[in-house]
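Single-structure report; data block below.
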Amino acid sequence: MHDFDQFRRVRHAVAAAAVVALSACGGGGSNNDAGTDAEPSSVSSSVSGVAAMGLLKNAQVTAYLPDAKGQPGQKLAEVLTDAAGAYVFTGLPTGQVILLLVSRNPDAAAPTVMTDEATNLDVPVTADFQLSAATVIPAIAGTHNIVQLTPYSTMAVEKARTAVQAAGQFDEQTVGRANADIRRYAGFDVLGDA
């Protein structure tokens, strides 16, 4: 088991280094000026996953329709993670890019903590702590989607934001390319695998 854990750590370190090295590539963009801050559809679906950089307990997870540059736009919903770092959203619109942001819970009575994987101790997160993920929920009513919020999903969001700085929109194509790039670099599905 020790060899597998060491292999996993090395694989993740190599993947992270590759992402950093390739993040300046940016990629192409669309010349579509339509924007991504359209009204939510009347068809809804659910999204769940785990917020992890070490499990994040009592972390605030907020769902947005992003603006054209990938920044938070219309706020859709907000939930807190449970003791296992899990979250669930229901009633999110389908067929559009959804931006998920994880941040520290502003309620001091229920502070956000990260479980340190080495010591199994809970460690407070900093005030500016944030993770993110972007996905497109299929335009099929009632679907359940899994989106893990990790440093890898955050790298994909930053890669998509970098791509739209040159030209383009933070849309389904840009988000899909960025998530696919990070999936290739990391060697696993960064949104779907925990």
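Pairs, please: C-beta under 6 Å, at least 6 apart or cross-chain, first residue more than 17 Å from D82 (Cβ to Cβ) and in the range 102-121, second outside any loop (DSSP other than H, G, I, E, B)?
D116/V123
Given the criteria surrounded by 14 or more Cβ atoms within 10 Å (Cβ to Cβ), free of Cβ contacts under 8 Å to residues at least 40 places away in the same chain and not aromatic (F, W, Y), does G95 qualify?
Working: surrounded by 14 or more Cβ atoms within 10 Å (Cβ to Cβ): yes; free of Cβ contacts under 8 Å to residues at least 40 places away in the same chain: no; not aromatic (F, W, Y): yes.
The answer is no for G95.
Regarding Y152, is this residue within 17 Å of V50 (Cβ to Cβ), out of contact with any strand residue (DSSP E or B) (no Cβ under 6 Å at 6 or more places or on another chain), in contact (Cβ under 8 Å) with a residue 60 or more places away in the chain and of a type in the set (F, W, Y)?
The answer is yes for Y152.
Looking at (1) surrounded by 15 or more Cβ atoms within 10 Å (Cβ to Cβ); (2) more than 21 Å from M53 (Cα to Cα); (3) among the polar types (S, T, N, Q), which one does T115 not meet, given that it meets all the others?
(2)
Kindly provide the set of residues from the range 150-174 that are under 20 Å from F89 (Cα atoms) and touching a Ser or Thr at 6+ places or on another chain (Cβ under 7 Å), ordered by number.
If the condition is that a residue be under 20 Å from F89 (Cα atoms) and touching a Ser or Thr at 6+ places or on another chain (Cβ under 7 Å), then S153, T154, V157 are the ones that fit.
So that you can scan it fast, the table gives a plain yes or no per residue for (1) at pLDDT below 95; (2) open to solvent by 20 Å² or more (accessible area, probe 1.4 Å):
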{"site": "T126", "(1), (2)": "yes, yes"}
{"site": "F129", "(1), (2)": "yes, yes"}
{"site": "A133", "(1), (2)": "no, no"}
{"site": "V136", "(1), (2)": "yes, yes"}
{"site": "A139", "(1), (2)": "yes, yes"}
{"site": "H144", "(1), (2)": "yes, yes"}
{"site": "E158", "(1), (2)": "no, yes"}
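Restricting attention to the range 42-68, which residues are more than 18 Å from G192 (Cα to Cα) and either over 12 Å from the mean Cα position of the chain (by Cα) or without any contact (Cβ under 8 Å) to a residue 12 or more places away in the chain (or both)? Before you say what the answer is, go through the steps one by one.
Filtering the range 42-68 for residues more than 18 Å from G192 (Cα to Cα) gives 42-44, 57-60, 62, 64-68.
Listed by number, the residues that qualify are S42, V43, S44, K57, N58, A59, Q60, L65, P66, D67, A68.
Could you go through the range 155-165 and let me know if any residue there is touching a residue at least 12 places away in the same chain (Cβ under 8 Å) and part of a loop (DSSP other than H, G, I, E, B).
Looking only at the range 155-165, we keep the residues that are touching a residue at least 12 places away in the same chain (Cβ under 8 Å), and these are 155-165.
Next, from what is left, pick out any that are part of a loop (DSSP other than H, G, I, E, B): none.
No, there is no match, as no residue in the range 155-165 is touching a residue at least 12 places away in the same chain (Cβ under 8 Å) and part of a loop (DSSP other than H, G, I, E, B).
Can you find, within the range 164-194, the residue that is farthest from K69 (Cα to Cα) among those that are open to solvent by less than 10 Å² (accessible area, probe 1.4 Å), among the aliphatic types (A, V, I, L, M) and at pLDDT 90 or above?
So the residue we want is I182.
The values are calculated or read from the model by the stated rules, or taken from the named source; none is laboratory data. Bear in mind that the values here come from a model prediction, so they are computed numbers and not experimental data. We place every Cβ from the backbone using ideal geometry, glycine too, and count neighbours over all the protein chains shown. Remember, those area values only see protein heavy atoms, side chains included, never the ligands or the DNA or RNA. Shrake-Rupley method; radii C 1.70, N 1.55, O 1.52, S 1.80 Å.
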